[in-house]
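Novice: For reference, the structure I am asking about is given below.
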Amino acid sequence: MNKMLRKKNKLLSILNYSMVNLPVPININNWWNFGSILGLCLTIQLVSGILLSMHYTANVNLAFDSVAHITRDVNYGWIMRTMHSNGASMFFICMYVHTTRGIYYSSYKYKNTWTMGVIIMLMTMATAFLGYVLPWGQMSFWGATVITNLMSAIPYLGDMMVSWIWGGFSVDNSTLNRFFSLHFMLPFIILTMVILHLFFLHETGSGNPVGMNSNCDKIPFHPYYTIKDTMGFIIMITILLLMNMSEPYMLSDPDNFIKANPMVTPIHIQPEWYFLFAYAILRSIPNKLGGVMALITSIMILLVLPWSMKMKFKGIQFYPLSQVLFWMFINNVIMLTWIGARPVEYPYTDVGLMLTVTYFMYFIMDPMNVKLWDKMIK
């Protein structure tokens with residue numbers, strides 16, 4: 001009994017330190033709110049996803065009708081479905097803002113935390129793709145066909161891997177079943193990785209806009225930042241509810257309201273908006289294997305930043321040219337997102353290739369600029 005009480009007290013003290021008395025820099029701004037908002041987004045996705053799974057049927061003949069049944073017949077099923085689909089969009093908006101804040105303020109200097117964050121991003125992208133297939137609309141089916149076919153670019157093993165993922169000779173019932181199982185399972189793995197992400201963050205402490213690691217100007221997390229985070233939660237939930245109540249299908253593709261038909265190909269196959277920048281990079285490379293490599297590298301290149309950005313000051317706000325390059329990079333990503341939704345024709349193909357080159361050039365030019373600037377100061 002005493003041993004159990006000691007373990008309980010130890011656990012409570014850890015939770016008390018991690019959530020209540022955690023020393024936090026006094027000068028962190030609203031850009032640091034997005035980490036906690038992401039936690040709320042993940043909770044919304046988990047809860048709404050579990051409720052939806054109780055009524056969803058993973059069968060090619062019933063999946064589309066089961067989604068219609070959830071929307072029309074299940075009590076409050078329409079809000080569950082729209083919360084889940086629009087919640088995914090909100091999740092990615094917050095995740096991209098969280099990542100760009102990390103780049104701007106050099107959060108990648110905390111190597112373990114940053115590496116875990118990039119892995120979480122990759123797993124979230126995989127989970128979102130699997131979930132997009134489940135409604136079994138036209139865009140779901142053809143999106144799954146196109147993306148899984150990318151595996152065939154792998155030399156020697158490609159075709160075998162595609163057949164293995166499909167569970168047959170095309171995207172069919174076996175594919176939908178395994179995608180549903182993985183989509184249900186992966187969020188719990190992501191939740192575990194988020195806990196590790198927080199563990200690594202608490203080892204080093206949060207960064208701040210100035211980049212100073214001073215132990216003097218720190219305050220307890222509660223009540224100062226719990227109030228600030230609560231305000232962020234209220235704003236995020238308000239935006240999400242407004243979207244669900246007024247324009248619930250604003251971000252959905254019209255083709256996905258048509259039941260999947262293997263005999264009819266949509267005029268323009270494209271993924272959800274939050275993957276469009278990566279999709280534009282994929283199709284800008286004429287070679288299939290090269291396109292797949294560029295697609296993977298577009299996210300994995302973030303792992304290079306802790307080693308490539310050797311700077312005297314923490315944060316590119318102290319490097320004038322780096323700030324210009326950073327905002328050019330943000331505009332580049334927005335333009336790639338727009339290009340990804342355009343048809344594969346001139347001039348969009350040429351513009352996409354140019355934007356892809358400049359996307360990767362940022363990760364070469366910024367470290368070079370930082371080194372030159374540090375030499376000039378020295």
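Novice: How high is the relative contact order of region 299-378, in percent, with contacts defined as C-alpha pairs under 8 Å that are six or more residues apart?
Specialist: Dividing the mean separation by the residue count of region 299-378 yields 47 percent.
Novice: Taking the Cα centre as origin and putting +1 on Lys and Arg beta-carbons and -1 on Asp and Glu beta-carbons, what dipole magnitude results for the chain, to the nearest 20 debye?
Specialist: Dipole magnitude for the chain comes out near 1580 debye.
Novice: After finding the eigenvalues of the alpha carbon gyration tensor for the chain, what semi-axes result from the square roots of 5 times each, listed largest first in whole Å?
Specialist: Equivalent ellipsoid semi-axes, largest first: 36, 30, 19 Å.
Novice: So what is the relative contact order of the chain, in percent, for Cα pairs below 8 Å that sit 6 or more residues apart?
Specialist: It rounds to 24 percent for the chain.
Novice: Continuing with the same structure: Which of the peptides 365-374, 342-351 is most tightly packed, and how do the rest follow, judged by the mean count of other Cβ atoms within 10 Å per residue?
Specialist: 365-374, 342-351
Novice: How big is the gap, in Å, between the Cα center of region 118-137 and the Cα center of region 208-269?
Specialist: So the separation of the two Cα centres works out to 15 Å.
Novice: Could you give the length gained by full extension between residue 185 and residue 21, i.e. 0.36 nm per residue of separation minus their alpha carbon distance, to one decimal place? Intermediate results must be reported in sequence, preceding the final value.
Specialist: On the way: separation 164, 0.36 × 164 = 59.04 nm, distance 3.30 nm.
My answer for the length gained is 55.7 nm.
Novice: Below 8 Å between Cα atoms, with a sequence gap of 6+, how large is the relative contact order for region 201-326 in percent?
Specialist: Reported relative contact order: 24 percent.
Novice: Give me the accessible area per residue for the chain, probe 1.4 Å, as a whole number in Å².
Specialist: The answer is 54 Å² per residue.
Novice: Explain nothing, just compute: Karplus ³J(HN,Hα) = 6.51 cos²θ - 1.76 cosθ + 1.60, θ = phi - 60°, for every residue of region 92-109 in order, whole Hz, x for Gly and Pro.
Specialist: Values, residue by residue: 6, 4, 5, 5, 5, 5, 4, 5, 5, 4, x, 5, 5, 9, 6, 5, 5, 5 Hz.
Novice: Would you please put 273-284, 314-325 in order of how densely packed they are, using the mean number of other Cβ atoms within 10 angstrom per residue and starting with the highest?
Specialist: Sorting 273-284, 314-325 by mean packing, highest first, produces 273-284, 314-325.
Novice: Right, here's the next one. Per residue of region 183-197, in order, report the coupling 6.51 cos²θ - 1.76 cosθ + 1.60 (Karplus, θ = phi - 60°) as ³J(HN,Hα) in whole Hz, putting x for Gly and Pro.
Specialist: So the J values, rounded to whole Hz, are 5, 6, 7, 4, x, 6, 5, 4, 4, 4, 5, 5, 4, 5, 4.
Novice: Residue by residue, what Karplus-based ³J(HN,Hα) values in Hz, rounded to whole numbers, does region 44-52 have, using 6.51, -1.76 and 1.60 with θ = phi - 60° and x for Gly and Pro?
Specialist: Karplus values, whole Hz, x for Gly and Pro: 4, 5, 5, 5, 5, x, 5, 5, 5.
Novice: How many nm separate the modelled label positions at residue 341 and residue 153, each set 7 Å beyond the Cα in the direction of the Cβ?
Specialist: Simple spin-label model gives 2.4 nm for this pair.
Novice: Under a crude label model (7 Å from the Cα following the beta-carbon direction), how far is residue 57 from residue 234 in nanometres?
Specialist: With each label placed 7 Å out from Cα toward Cβ, I get 4.5 nm.
Novice: Amide H to amide H under 5 Å from residue 24: which residues, 5+ apart in sequence or cross-chain, H placed 1.01 Å off N in plane?
Specialist: 219, 221
Novice: Ignoring everything except DSSP H segments at least 4 long, calculate the 222 nm mean residue ellipticity for the chain; use -39,500 (n - 2.57) per segment, divide by total residues, nearest 500.
Specialist: Value at 222 nm, helices only, nearest 500: -22500 deg cm²/dmol.
Novice: Still on this structure: Could you rank the peptides 228-236, 114-122 by their average count of other C-beta atoms within 10 Å per residue, with the highest value first? Could the numbers behind the result be given before it?
Specialist: Details: 228-236: 15.4, 114-122: 19.0.
Output ranking for 228-236, 114-122: 114-122, 228-236.
The values are calculated or read from the model by the stated rules, or taken from the named source; none is laboratory data. Worth saying up front: this structure is predicted, and the values here are computed from it rather than measured. So basically every Cβ, Gly included, is an ideal-geometry build from the backbone, and we count neighbours across all protein chains shown. What goes into the accessible areas is simple: the full protein's heavy atoms, side chains included, and nothing from ligands, DNA or RNA. Shrake-Rupley method; radii C 1.70, N 1.55, O 1.52, S 1.80 Å.
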